[in-house]
Amino acid sequence: MPGCASQPSLYVYDLPRPYQDPRSRELRSGRNVSEAAASEGRSLPGFPLLGAQLRSMHMFATADHLFARAKAYSCHTRQPARARLFFVPVFSPSFRHNHHCGEREEGVGSLHRRLSAVRVAAGMGTGTAVTALEARGGADHIFMSGRNGVAIESVPACELDLRDRRLGSSLRLSIESGRHDAYAGYPTPYASLPMYHSVPPVAVIQLDGRATALPWATPHERTTLVAASFLDNHGGALRLRKSLTAACKAAPQLCTFVHPELRNRTERGGRNSELSQLLYEEVARAYWGATFCLQPPGDSLNRKAIVDSMLLGCIPVLFHPGQALLWPWHWGSWQRASSVLLPFNSSGFGALAALKSIPIAKVETMRRTIAQQAHRVHWAAVDASLVPVLKGLQPRDAFEITLDQAAKRAGRSGLAAHGAKLQQQLPRLSLELAEVPRSAVGHCGSTTTGEGDCEHGDMGAWYTDATRGNGTLDADTTLVRLATLDDCAARCESCARCNFVSHSYRWTDCSWHHRCPRLHRPPGNFITANCTKGSAGELNKCAFWG
């Protein structure tokens, strides 16, 4: 492809739109706040001159934005054989577990069949055509969680579990990662898995061809020392947040605080309501006019506002070492020179005093670093090649950095072989890749006996979400997952009394029965296989019930 010698070519799997959960409320955003304000006679200081557009983006819309950018990417190819990277657009921005399917409920194998239909020459030495996912052990494939990457968010659609070893060494992205003991000392049940690599969330600033300057690199007067905007009624840093809120409200000459009550009204009004637009405007004004922006962690360590503040030229103030580990490809090399890290047990007044005491020379150094580097955490609204003010930067934005680093990772020595080894640890798909007959849709009946007795019992259930190990997908990590109907059938073969298995992605269930005279339909999303053993206990090949 012309002009793509220095950029990796990308193939995007063509999947039905429901695989991206488009009806999620987190995707009902993206309104251009700047245009809305102008139409209503309001303005945001500086923005009309810079041509930068303020967008009301939800932090969990990052995967959807990545998908849009991937489709519009100048080095996007429709020929799998020419691709260096592959993106599989299956994600959900909603906080829920297995509550939606990309295709109809009885088509649980549909995604696997779609992935298997994309074939390329084998990259592991055979020279024959194999699935693109298997050709290099998955090392060249990219998946993205729609949220933070915690365990419950690793099933973005009922057809896919991002922990499935059949994905091999695929790159799993999220806006947060649990690597390097990131949560040490932080009280949260919402910790991301180490298998994810974090990328910055999409922010309120997304430049397009109308931009005439980089907001984060434009000098202007900042009239306030500190700006802040956050709730103080949830998350693992309640004490810190309450203290910071009190200090800001008590010292308005030092701190501009966007009141949490406004955010509460925003949630009731909806993200595209007038109140929602007002919130984005008020926060933007506060960040634009401040030197430091307070970023205490909440339910998790990640905050979209960290990126928002940097793109508005405001120095982020962190309160946990794990926050400094976020987005290593995009922020890691310059994080120390562009932010302030205060103790997690800081008091609000102590934090304000500490910021006030930072020498001007050090503040100017941090500002220069942000001016030179913040494009690395910025997601352009369109292909970066179409944004003139990004010309001369290399890479030009967060999307290009993500692909560049993904391509370097895919070429890492031994990664493809490691991925192939992971893929070979699970049964090869046969039932999943076959068309499911209507007669096999349903289950043999409810089970109430736990795993059951494989020597004398008549039924049982193996919970498909039984995960052990550290979640890194290393070769020495045991992840006991019955991710597919084939996995469920393989488990049945080792259970003497098991003759039938009913599997559901949505309900994370693999039930076994000794007898199954008929199938039951409700609840939906179950497929049943017949694995009846011979009179002497010999194994027969499992087939669909019917």
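What the table shows:
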| quantity | calculated |
| --- | --- |
| Ser145 vs. criteria in the same structural domain as Pro89 (by TED's automatic domain parsing), touching a strand residue (DSSP E or B) at 6+ places or on another chain (Cβ under 7 Å) and within 23 Å of His58 (Cβ to Cβ) | yes |
| In the range 37-80, residue modelled with the lowest pLDDT [restricted to those that are among the hydroxyl-bearing types (Ser, Thr, Tyr), within 25 Å of Gln7 (Cβ to Cβ) and surrounded by fewer than 18 Cβ atoms within 10 Å (Cβ to Cβ)] | Ser74 |
| Residue in the range 511-519 that is of a type outside the set (Gly, Ala, Ser) and part of a strand (DSSP E or B) present | yes |
| Unique match (being without any contact (Cβ under 8 Å) to a residue 12 or more places away in the chain and under 29 Å from Asp404 (Cβ atoms)) among Gly332, Gly322, Gly313 | Gly332 |
| Identity of the residue in the range 232-265, at pLDDT below 90 and out of contact with any Leu (no Cβ under 7 Å at 6 or more places or on another chain), that ends up surrounded by the most Cβ atoms within 10 Å (Cβ to Cβ) | Gly236 |
| Residues of the range 349-378 that turn out to be of a type in the set (S, T, N, Q), without any contact (Cβ under 8 Å) to a residue 60 or more places away in the chain and surrounded by 15 or more Cβ atoms within 10 Å (Cβ to Cβ), as a count | 2 |
| Selection from the range 444-457 of residues that are at pLDDT below 95 and either surrounded by 14 or more Cβ atoms within 10 Å (Cβ to Cβ) or closer than 30 Å to Ser169 by Cα (or both) | Gly445, Thr447, Glu451, Gly452, Asp453, Cys454, Gly457 |
| Which numbered condition Asp232 fails, given (1) within 20 Å of His320 (Cα to Cα); (2) in contact with a strand residue (DSSP E or B) (Cβ under 6 Å, 6 or more places away or on another chain); (3) not basic (Lys, Arg) | (2) |
| So Lys391, is it in the same structural domain as Ala70 (by TED's automatic domain parsing) and either crowded, with 18+ Cβ neighbours inside 10 Å or charged (D, E, K, R) (or both) | no |
| Among residues of the range 139-158, those that are part of a loop (DSSP other than H, G, I, E, B) and buried (at least 24 other Cβ atoms within 10 Å of the Cβ), counted | 10 |
| Count - residues of the range 132-155 that are closer than 26 Å to Ala68 by Cβ and either of a type in the set (Asp, Glu) or touching a Lys or Arg at 6+ places or on another chain (Cβ under 9 Å) (or both) | 14 |
| Residues (at pLDDT 75 or above and within 30 Å of Tyr190 (Cβ to Cβ)) located in the range 101-114 | Cys101, Gly102, Glu103, Leu111, His112 |
| Residue within the range 397-404 that is hydrophobic (A, V, I, L, M, F, W, C), touching a strand residue (DSSP E or B) at 6+ places or on another chain (Cβ under 6 Å), in contact (Cβ under 8 Å) with a residue 24 or more places away in the chain and on the phi < 0 side of the Ramachandran plot present | no |
| Residue match in the range 174-192 (condition: of a type in the set (Lys, Arg) and at pLDDT below 90) | yes |
| Qualifying position, being of a type in the set (S, T, N, Q) and more than 11 Å from the chain's Cα centre (by Cα), among Ser170, Ser198 | Ser170 |
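The values are calculated or read from the model by the stated rules, or taken from the named source; none is laboratory data. Everything quoted here is computed from the prediction, not taken from an experiment. A quick note on method: Cβ atoms are made from the backbone with ideal geometry, for glycine too, and the neighbour counts reach across all protein chains shown.
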